[in-house]
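Here is the structure we will look at.
No value in this document is a laboratory result; all are computed from the given coordinates. In this text the structure is predicted, and so the values were computed from the model without any measurement. Positions of Cβ are backbone-derived with ideal geometry, glycine not excepted, and every protein chain shown enters the neighbour counts.
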Amino acid sequence: MLGPKVVIHIDRLLANYDLIKNQLNNNRLMVVVKANAYGHGSVECARALEKHGCDSFAVFSAHEGIELRKNGIDSDILVFSKINDSYLDLADKYRLTLNVSNLLDISLLESFRIKHGKSPKFHLKFDTGMTRLGINPSDAKEAFELISKDLQRSCEGIYSHFATADEGDLSYAYEQLSKFKEILNMANSLGIKFETIHFSNSGAALNIDQSEFDQVRVGMIIYGAFPSNEVPMNISILPVMEFRAPIVEVRSVDKDTQISYGGVYKTDAKSNIGVIQCGFADGVPRSWHQKGYVSYNGKQYKIAGRICMDQFMVNFENDMPRLGEEVLIFGSNNTDSIRMETIAETIDSTPYVIATDIKGRTQREYNS
């Protein structure tokens, strides 16, 4: 296939899992595989991780969880999204763990229990400062009282979510942590026990002391990218995704030749311009053209002009690339390396956006 290709290095994924687990003193990990495992392939990644010993995953929607179940994943699966009546039936059928984020959710679960004699498993989520989903701390006592009788056996966990864990100023994050500990103290005083307590995400795991509790949710770092440039990069994670595309044409042009839409790029000397069969419809960030580059045979070459929908151009200067060979857009291989974080910082984006923007027509290959 003459087109863009994403190579997912499963061996690096498993190496990152071991590295992170060791860094966190063998704390239990919940690997986040929502949004197709951040573009890496949820089924393939979960399958490899489960075989490697991971026993807990998180997704956003129930349908993402069902896809994992239908592909043989047997581990715990927490669903992050808001619940409704249909989710209760699906959770019961496919053994999904639900996210309870307000008092009404508890009422839905109680109604289901009364009707069916059982309730799906769930985690209580508290809003300590993200102002998204989560039980208000002022409702904590009522929430605990509502589950303290018939629903307590189905309540497996409690958690919250940091809003600023990957930033340099952690004062707000520690305020959140303090609120969460107060909620835990209240639960303990009421005799409510949880099998698992989790708060840390990727940023917090690297950046915030005493936030691990007994489980850590890991997303972007297990795929080999740091969530921001403000977290300590003191762990040697490996980029799991390698994005590359073929050179399909080379044009030798004179100085002052305009390249691509708008003519915003002109050559400053005679140059060899390579046409790369990959564009923003495949996941190349369109704004990357301004300061962007690719890597080819161990050398970096600037992107020439605006990224097109299906193709973009690269100035190979005096070098003559070989037709059919591939340039590296991001990731790493034996000769080339471009970190996703570098692109994200340059275009004022995040690795999350870049990784999840890889489109369906891009060929995928999984290396173990």
(request) About the Cα centre of the range 241-367, how large is the charge dipole given +1 on each Lys and Arg Cβ and -1 on each Asp and Glu Cβ? Please answer in debye to the nearest 20. (result) 180
(message) Can you compute log10 of I(q)/I(0) for the range 10-223 with the Debye formula, treating each Cα as one identical point scatterer, at q = 0.11 Å⁻¹?
(response) -0.51
(request) Determine ³J(HN,Hα), in whole Hz, for all residues of the range 131-142 in sequence, where each value follows from phi through the Karplus function 6.51 cos²θ - 1.76 cosθ + 1.60 and θ = phi - 60°; x replaces Gly and Pro. (result) 6, 10, 7, x, 5, 5, x, 5, 9, 4, 4, 5
(request) Choose one answer from Thr164, Thr257, Thr267: the residue with the largest mean-square fluctuation in a GNM of the chain with alpha-carbon springs under 10 Å. (result) Thr257
(request) Based on other C-beta atoms within 10 Å, arrange Lys125, Lys21 from fewest to most. (result) Lys21, Lys125
(request) Would you mind counting up the charge near Thr350? Only other residues with Cβ under 10 Å from its Cβ, with Lys and Arg at +1 and Asp and Glu at -1. (result) -4
(message) To test your reading of the geometry: what angle, between 0 and 90 degrees and rounded to tens, separates the Cα axis of helix 103-116 from the longest principal axis of the chain?
(response) 70
(request) Please compute P(r) over all alpha-carbon pairs of the range 16-96, binned at 5 Å starting from zero, and give each bin as a whole-number percent. (result) 3, 16, 27, 23, 16, 9, 4, 1
(request) Considering only DSSP beta bridges where both residues belong to the chain, give the percentage that are antiparallel (nearest 5). (result) 50
(request) Specify the angular offset, from 0 to 90 degrees and rounded to the nearest 10, of the alpha carbon long axis of helix 42-52 from the longest principal axis of the alpha carbons in the chain. (result) 70
(message) With viscosity set to 0.890 mPa s at 25 °C, what whole-number translational diffusion coefficient in µm²/s follows for the range 160-218 from Stokes-Einstein and a Kirkwood radius over Cα pairs?
(response) 208
(request) Please tell me which of these pairs span more than 19 angstrom C-alpha to C-alpha: Lys299/Lys359; Lys34/Lys359; Lys141/Lys179; Lys82/Lys115; Lys118/Lys181? (result) Lys299/Lys359; Lys82/Lys115; Lys118/Lys181
(request) Determine Rg/Rh for the chain; Rg is computed over alpha-carbon atoms and Rh is the Kirkwood hydrodynamic estimate from the same atoms. (result) 1.06
(request) Mind sorting Ser228, Ser119 by how few other Cβ atoms lie within 10 Å of their own Cβ, fewest first? (result) Ser228, Ser119
(message) Taking θ = phi - 60°, what integer Hz values does the Karplus form 6.51 cos²θ - 1.76 cosθ + 1.60 yield along the range 278-283, in sequence order, with x for Gly and Pro?
(response) 5, x, 5, 6, 9, x
(request) Rounded to whole Hz and in sequence order, give me ³J(HN,Hα) for the range 14-24 from the Karplus expression 6.51 cos²θ - 1.76 cosθ + 1.60, θ = phi - 60°, writing x for Gly and Pro. (result) 5, 5, 5, 4, 5, 5, 5, 4, 5, 4, 9
(request) Would you work out which of Ala140, Asn26, Asn272 lies farthest towards the positive end of the dipole of the chain, given +1 charges on the beta-carbon of Lys and Arg and -1 on that of Asp and Glu, about the Cα centre? (result) Asn272
(message) Order these by the 10 Å Cβ neighbour count, fewest first: Tyr94, Tyr159, Tyr172, Tyr223.
(response) Tyr172, Tyr94, Tyr159, Tyr223
(message) I need to check one value: relative contact order of the chain, counting alpha carbon pairs closer than 8 Å and at least 6 residues apart, in percent.
(response) 18
